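> Have a look at the structure that comes next, please.
Where a number appears in this text, it was derived from the coordinates with a stated rule and is not lab data. Note that the coordinates shown come from a computational prediction; the quantities given were computed from them, not determined experimentally. Cβ placement follows ideal geometry from the backbone for every residue including glycine, while neighbour counts extend to all protein chains displayed.
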Amino acid sequence: MSDLATMALQHKPGDDVIDNAGQRIRLLSYNIQTGISTTRYSHYVTHSWKHVLPHAQRFSNLDRVASQIREYDIVGLQEVDAGSLRSGYVNLTQYLGEKAQFPFWYDQTNRHLGRFARNSTGLLSRFNPSEISEHRLPGRIPGRGALLIRYGTRQDSLVVLILHLALGRRARLRQLGYISELVNEYRHVILMGDLNEWFLWGRPLRWLHAEFVETPSPATFPSGCPIFALDRLWVRPRATLSSLTVHRSPTARIASDHLPLVATLRW
């Protein structure tokens, strides 16, 4: 269990739990590529140094990200940095939480590359979680994780799992097997994140198709001309998925190499 005391930026009375009948919950899943703007394939080469070294445009680009996420209730972030040389030793989840005025934030460092990078998964929330736990996902190359957030303490509590899965197919199969056991005890679950699955009906996703509800997944990658649905969101009732779309604003197209995936639920 992680220390919830590290989450609080500020506290808003009345935002402690999700418990109102028929309440609308707005979610967003976003691979922000550590604040690196990418608009063409050549940037993966010409901007590659930005993954290890600081640059002046990172925080102005993160401000663009903050402007996109501020209207949502629960935000799952992938490819965040927890504070290293490349980010100017600034925790980017905390930075976005403060800029977008979220009362609660939390991050899980999955891969620590010394002073150069601290690859993380992040949560921004307008509701106060009752539980957060970090999980290391299996794989030949370590460094992938899942962040489990639970709202409420009763049997009908809502569990949100923020994921960033491996590039290799075999590793993804093992990781989804681990996740299936992890969420098996919960009735109401939302899985969201960058699944790195290039095919809509690929073998690693068969378990998800059997257990969860998903509308047709919109393409999120690459952001300039999206072709692949790498970012996904899955729901297990009683949470009801009202909509699943992609944030296609001009700002979103240049803020990262992924577009943000957005959803609305009726709880």
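> Sort Ile254, Ile132, Ile227 so that the residue with the fewest other Cβ atoms within 10 Å of its own Cβ comes first and the one with the most comes last.
Ascending Cβ contact count within 10 Å gives the list Ile227, Ile254, Ile132.
> May I ask which residue of Pro222, Trp105, Ile69 lies farthest towards the positive end of the charge dipole of segment 22-266, with charges of +1 (Lys, Arg) and -1 (Asp, Glu) on Cβ and the Cα centre as origin?
In segment 22-266, that residue is Pro222.
> So how do Thr109, Thr220, Thr251 line up by other beta-carbon neighbours within 10 Å, fewest first?
Thr251, Thr109, Thr220
> If I take every Cα pair under 8 Å that is 6 or more residues apart in segment 147-220, average their sequence separation and divide by the length, what percent do I get for the relative contact order?
Here the relative contact order equals 32 percent.
> Per residue, how big is the convex hull of segment 22-266 when only Cα atoms are used? Give it in Å³. List each step's numbers first, then the result.
Details: hull volume 27.9 nm³, N = 245.
Expressed per residue, the convex hull around the Cα atoms of segment 22-266 is 114 Å³.
> So, in nm, how far is label His112 from label Ser133 when the simple model puts each one 7 Å beyond its Cα toward the Cβ?
2.2 nm
> Which of Asp63, Asp194 comes first, and how do the rest follow, when ranked by fewest Cβ neighbours within 10 Å? Could the numbers behind the result be given before it?
Values: Asp63 15, Asp194 24.
With the sparsest Cβ surroundings first, the list reads Asp63, Asp194.
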